[in-house]
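Chemist: Dumping the structure here so I can ask a few things about it.
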Amino acid sequence: MTDCSWKDTGVVIDPNGTHFSYYVIAYTGQSPDSDPSNLAHIRGNPYKALANAPEKDSLKLEMDQNTAAFELSAFPNPFNPSTTIQYALPTASHVTLKVFNLRSELVKTLVDGFRTANRYQVVWNGENEAGAKVASGIYLYQLQTDNYSQIKRMIFIK
């Protein structure tokens with residue numbers, strides 16, 4: 001990705017300072033699009049920020065580091081040779097993040113341990129527990145905590 005700019009022409013900015021919230025979704029022209037990003041905010045007095053902007057009428061977006069809900073996503077998806085799995089925990093818990101094939105057989109354990117409430121990411125390089133590359137196909141990744149479980153799919157293309 002080389003251009004992350006976006007102009008919201010429908011917003012009127014209050015000179016006394018304002019607060020806008022956005023979510024970002026990656027669109028590649030192929031299905032599926034990514035899951036929504038963390039919440040992004042524009043904070044402070046935008047007129048001061050714009051006055052100091054060297055070339056563009058733009059503001060920096062701040063990404064929330066706190067999370068109020070569980071989140072789970074992988075990008076890119078489909079992937080080759082690796083994908084980044086992101087997850088968010090609203091509370092501290094023992095966490096497992098595992099990859100399974102469509103026969104429900106364990107392919108790889110990526111995380112198995114205690115984690116505090118926060119956002120995390122781990123890279124899966126398409127290898128199984130023995131370090132061998134897996135075959136192209138659909139795989140399931142599962143996030144499991146003390147009181148939550150979610151499974152999503154990803155596609156490995158060679």
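What follows is calculated from the coordinates using simple rules that are stated; it is not laboratory data. As the structure is a prediction and not an experimental result, all values here were calculated from the model. Positions of Cβ are backbone-derived with ideal geometry, glycine not excepted, and every protein chain shown enters the neighbour counts.
Chemist: So, in nm, how far is label residue 152 from label residue 121 when the simple model puts each one 7 Å beyond its Cα toward the Cβ?
Modeler: So the two model labels end up 1.2 nm from each other.
Chemist: Still on this structure: Using a 10 Å cut-off around each Cβ, can you sort 107, 99 from fewest to most neighbouring Cβ atoms? Walk me through the numbers on the way to the answer.
Modeler: Numbers: 107 19, 99 24.
In order of increasing Cβ crowding within 10 Å: 107, 99.
Chemist: Any chance you could run the full-extension gain for residue 69 through residue 114? It's 0.36 nm times the residue separation minus the Cα-Cα distance, nm to one decimal. Please list the in-between numbers first.
Modeler: Working: separation 45, 0.36 × 45 = 16.20 nm, distance 1.75 nm.
Fully extending the segment from residue 69 to residue 114 adds 14.5 nm.
Chemist: Relative to the present Cα-Cα distance, how much length would full extension add between residue 103 and residue 86 at 0.36 nm per residue of separation?
Modeler: Values: separation 17, 0.36 × 17 = 6.12 nm, distance 2.38 nm.
Gain on stretching residue 103 to residue 86: 3.7 nm.
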